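Novice: One structure coming up, written as structure tokens, with questions to follow.
The values are calculated or read from the model by the stated rules, or taken from the named source; none is laboratory data. As the structure is a computational prediction, the values presented were derived from the model and not from experiment. Positions of Cβ are backbone-derived with ideal geometry, glycine not excepted, and every protein chain shown enters the neighbour counts.
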Ligand SMILES: Cc1cc2nc3c(=O)[nH]c(=O)nc-3n(C[C@H](O)[C@H](O)[C@H](O)COP(=O)(O)OP(=O)(O)OC[C@H]3O[C@@H](n4cnc5c(N)ncnc54)[C@H](O)[C@@H]3O)c2cc1C
């Protein structure tokens, strides 16, 4: 039986382990951290992520959809918290679809448990990959100070944005690599549950406090709390650097997010305790080294989190690779390059879309013109679902390749630009004239 190694037992690595074990390969997973399978964050306070259709499909193919739904909270739209303390709700889908808030640890745990349920899959924790010899396909590990090595037929690099496997490939001929840090970073905070363990605000929405150059968001956890994330520039007027004293932090929240502050009694403690983390975009090409090494998840395509697609895209890597393996009878000479060709363009597309969505989230969603534009689009899409699927729905609630979604969106954007220039568009926002205009443009 072919022996494969999966380096990195995070979300994508654990999922890929299941896919490969299911196909009968002898799988060894190496994870640098401790075993988290017994950790108690299932219903506890934890970092959460938005899971959507691409991720769900990949989970369904390994029979985990139902189990994960039990620990996930549906979010039907964005709840916008404006500066004047007014609120409005913007549904995500035109057919009442949801994205789902799920604990990162809880999800990772269940994927690892599933992988370990196969006799042909071994998990090795506290194994940090330190090198890879591409001649012999041998991996080298540091296991609590001890050196270990093992050779494999095939290696999957799923060791995240700062992948050791990718670092090795970067030194090979004609391997492209770029890394770009945003001027913005993020800090995780918390809105605790009420004394009765209930959510203080609606758990079935993704809460956003858009403030132009920065924003706060909150996603519900199963225990009644919310994981809150502040995204802000590192330096400048409203920045992490400028919030250098307790008074500055408090004054900033009082001015910008007074309603959120009321729900965060431990703000100062959490603010000081939690790190300020950076955001990086990493692009690579190719995502394979011959038929021997394959990069997946953030190791191949680290993107900014503003479309909630990093993990979903990584999960889609696993399900698409599975399809390509089936189509090519597991012939890796064909599978490996076909995987790169199928995924690279989509990785680049979602990287760009995610950057674009940052501006939308922190700024545009609070602007009346933007809201009107979305309202017109949604009304038209509801009436003509076969002709128009809004970009957000293409990305989040469909399996249209991300790169194709970008192309479709260019056409839609051009039409909507014209619609928005029409006289008195505010009043006649959707009528026969506009409907016919859009239909004629689509032809
Ligand atoms: C603030 C924030 C919010 C996000 N929100 C969302 C969201 O809502 N929805 C979404 O889809 N995505 C989201 N993402 C993106 C998502 O977190 C990543 O895309 C996802 O975690 C990628 O999974 P991965 O398994 O490829 O990498 P990782 O999750 O980084 O896992 C890599 C694993 O490899 C291990 N490892 C690293 N180096 C080594 C080594 N040398 N040897 C052995 N093991 C190693 C690590 O310990 C880790 O377990 C968000 C990201 C951030 C930063």
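Novice: Out of (1) away from the ligand (no atom under 14 Å from the Cβ); (2) in contact with a helix residue (DSSP H, G or I) (Cβ under 7 Å, 6 or more places away or on another chain), the odd one out for residue 107 is which?
Specialist: (1)
Novice: Would you mind listing the helices (runs of 4 or more DSSP H) fully within the stretch 1-113 where at least 3 residues are at negative phi and surrounded by 20 or more Cβ atoms within 10 Å (Cβ to Cβ)?
Specialist: The helices (runs of 4 or more DSSP H) meeting that bar are 11-22, 53-61.
Novice: Let me ask another. Taking the condition of being within 9 Å of the ligand (Cβ to nearest atom), in contact (Cβ under 8 Å) with a residue 40 or more places away in the chain and surrounded by fewer than 20 Cβ atoms within 10 Å (Cβ to Cβ), how many residues in the stretch 157-185 meet it?
Specialist: 1
Novice: Specify which of the listed residues (342, 338) is closer than 16 Å to residue 54 by Cα and surrounded by fewer than 21 Cβ atoms within 10 Å (Cβ to Cβ).
Specialist: Going through 342, 338 in turn, just one is closer than 16 Å to residue 54 by Cα and surrounded by fewer than 21 Cβ atoms within 10 Å (Cβ to Cβ): 342.
Novice: Take the conditions within 24 Å of residue 416 (Cα to Cα), touching a residue at least 40 places away in the same chain (Cβ under 8 Å) and in contact with a helix residue (DSSP H, G or I) (Cβ under 6 Å, 6 or more places away or on another chain) and apply them to residue 387. Does it pass?
Specialist: yes
Novice: Can you name every residue in the stretch 194-225 that is free of Cβ contacts under 8 Å to residues at least 40 places away in the same chain and farther than 15 Å from residue 262 by Cβ?
Specialist: Listed by number, the residues that qualify are 195, 196, 197, 198, 224.
Novice: Within the stretch 143-156, is there a residue that is in the same structural domain as residue 16 (by TED's automatic domain parsing), assigned to a strand (DSSP E or B), within 26 Å of the chain's Cα centre (by Cα) and surrounded by 18 or more Cβ atoms within 10 Å (Cβ to Cβ)?
Specialist: Scanning the stretch 143-156, I find at least one residue that is in the same structural domain as residue 16 (by TED's automatic domain parsing), assigned to a strand (DSSP E or B), within 26 Å of the chain's Cα centre (by Cα) and surrounded by 18 or more Cβ atoms within 10 Å (Cβ to Cβ), so the answer is yes.
Novice: Return yes when residue 353 is in contact (Cβ under 8 Å) with a residue 60 or more places away in the chain and either in a helix (DSSP H, G or I) or out of contact with any helix residue (DSSP H, G or I) (no Cβ under 8 Å at 6 or more places or on another chain) (or both) and no when it is not.
Specialist: no
Novice: When you check residue 259 against the structure, is it farther than 25 Å from residue 104 by Cβ, outside the structural domain of residue 153 (by TED's automatic domain parsing) and in a helix (DSSP H, G or I), yes or no?
Specialist: Spelling it out, residue 259 is indeed farther than 25 Å from residue 104 by Cβ, outside the structural domain of residue 153 (by TED's automatic domain parsing) and in a helix (DSSP H, G or I).
Novice: Search the stretch 278-319 for residues being in a loop (DSSP other than H, G, I, E, B), touching a helix residue (DSSP H, G or I) at 6+ places or on another chain (Cβ under 7 Å) and farther than 17 Å from residue 156 by Cβ, and hand back the single one that is nearest to the ligand (Cβ to nearest atom).
Specialist: 309
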